[in-house]
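Peer 1: One structure, as structure tokens, below. Some questions next.
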Amino acid sequence: MNIILLGPPGAGKGTQAKRLVEKYHIPQVSTGDMLRAALKEGTPLGLEAKKYMDAGGLVPDSVVIGLVKERIQKPDATGGYMLDGFPRTVAQAQELDSILGTLGQTIDHVVSVEVPSSELLGRLTGRRTCRACGAGFHVIFDPPKKEGVCDKCGGELYQRSDDNEATVQSRLETYEAQTKPLIDYYQKASKLRRIDGVGQMDDILGRIQKVLG
Ligand code: AP5
Ligand code: MG
């Protein structure tokens, strides 16, 4: 099963993807995580991407399309994958369709996780992530047992550099202008499944599983 998780920054794409990975045994393919990994390694691609990420804009289409094209052909993706944060522009979606055409694949469901923008800033500024295993937390909505320490592996929790108020504002504007049109794109392709992304994280997981069947 090939799935796209669509939604604004802070909608819970990463949170739900990590839960879905355990249920469906298909990898989470997060372009944001891939770009942050490249930056951590200090690759030219990572350093270039940082400029766009810190400004709350989008990394050029050609860069992320290249990453995804390579990633979905890895052995662990033969049974399907969950795209998180990709595509993010209509051009990326069109290019994805063309790549999948050549691979003889298709997207089964596009899950649109819908959260009012008034709730997103608080979710993002309170997010904490484990440096070691990538687990996600929230200082209020999903706090770790011990402040600053990952419940799962004991690793150090950090705050993403783009989770400050000014960058979040730009990210939300970028979403409205460049990513939101994808709702219409996938609606027209009859692939869109809308999910209410407000409520308990496990309830939202249940809603997603219901539409995935
Ligand atoms: P990326 O890493 O994808 O960031 P994003 O899209 O802004 O999304 P987030 O990761 O912020 O949100 P999320 O929906 O995953 O939320 P989460 O589950 O963590 O991209 C970063 C940057 O990379 C982009 O700005 C861009 O520059 C670049 N980039 C990436 N992909 C690109 C592409 N395809 N093209 C071009 N550029 C690209 O949840 C957030 C918080 O809320 C957590 O603390 C969580 O605990 C909490 N939370 C989750 N669910 C709930 C709930 N139900 N109730 C309360 N709190 C909740
Ligand atoms: Mg994410």
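Rule-based calculations on the coordinates, nothing more; no lab input. The model shown is predicted, which means the values in this text are computed figures rather than measured ones. Heads up, the Cβs are rebuilt from the backbone with ideal geometry, glycines too, and the neighbour counts pull from every protein chain shown.
Peer 1: Note down the magnitude of the dipole of the chain about its Cα centre, charges +1 on Lys and Arg C-beta and -1 on Asp and Glu C-beta and zero elsewhere, to the nearest 20 debye. Mind dumping the intermediate values first?
Peer 2: Values: 28 positive and 27 negative charges, 72 e Å.
For the chain, the charge dipole is close to 340 debye.
Peer 1: Now for a separate question. Check His109: other-chain or 5+ apart residues with amide H under 5 Å from its amide H, H built from backbone geometry?
Peer 2: So His109 has HN proximity to Asn2, Ile4.
Peer 1: So what J values fall out for region 176-189 if you push phi through Karplus, 6.51 cos²θ - 1.76 cosθ + 1.60 with θ = phi - 60°, rounded to Hz, Gly and Pro as x?
Peer 2: With coefficients 6.51, -1.76 and 1.60, one gets 4, 6, 10, 9, 3, x, 5, 4, 5, 4, 7, 5, 5, 7 Hz.
Peer 1: While we're on this one: Ranking Thr125, Thr78 by Cβ neighbours within 10 Å, fewest first, what do you get? The partial results should precede the final answer.
Peer 2: Values: Thr125 16, Thr78 10.
Ordered from fewest to most neighbouring Cβ atoms within 10 Å, Thr125, Thr78 come out as Thr78, Thr125.
Peer 1: May I pose another question? Which order do the peptides 39-45, 14-20 come out in when sorted by mean C-beta neighbours inside 10 angstrom, highest first? Walk me through the numbers before you get to the answer.
Peer 2: Working: 39-45: 11.6, 14-20: 21.1.
Packing proxy ranking, top to bottom: 14-20, 39-45.
Peer 1: Can you tell me the equivalent ellipsoid semi-axes for the chain? Use √(5λ) from the Cα gyration tensor, largest first, whole Å. Spell out each step's value before the answer.
Peer 2: On the way: eigenvalues 121, 82, 66 Å².
Gyration-tensor ellipsoid for the chain: 25, 20, 18 Å.
Peer 1: Turning to a different aspect of this structure: Please give the net charge around Gly126, taking every other residue with its beta carbon less than 10 angstrom from that of Gly126, where Lys and Arg add +1 and Asp and Glu add -1. Write out the running numbers ahead of the final one.
Peer 2: Details: positive: Arg123, Arg127, Arg128; negative: Asp142, Asp163.
That sum, taken over residues with Cβ under 10 Å, equals +1.
Peer 1: What distance in nm separates the two pseudo spin-label positions at Ile183 and Asp61, each 7 Å out from Cα along the beta-carbon direction?
Peer 2: Each label point is offset 7 Å from its Cα along the Cβ direction, giving 2.2 nm.
Peer 1: Extension gain Lys40-Glu176, at 0.36 nm per residue separation less the Cα-Cα distance, in nm? Each step should come with its number before you reach the end.
Peer 2: Numbers: separation 136, 0.36 × 136 = 48.96 nm, distance 2.85 nm.
This chain segment gains 46.1 nm when fully extended.
Peer 1: While we're here: Between region 20-57 and region 142-213, what is the C-alpha centre distance in whole Å?
Peer 2: 15 Å
Peer 1: Let me ask something additional. Let me make sure I get this right: for region 96-213, a, b and c are the square roots of the gyration tensor eigenvalues over alpha carbons, sorted descending. Under 1.5 in a/c it's rounded, otherwise prolate if a/b > b/c, else oblate. Which is it?
Peer 2: On the way: a/c = 1.86, a/b = 1.62, b/c = 1.15.
It is prolate, given that a/c is not under 1.5 and a/b is the larger ratio.
Peer 1: If you count the DSSP beta bridges with both ends in region 81-197, what percent of them are antiparallel, to the nearest 5?
Peer 2: On the way: 8 of 13 bridges.
In region 81-197, approximately 60 percent of DSSP beta bridges are antiparallel ones.
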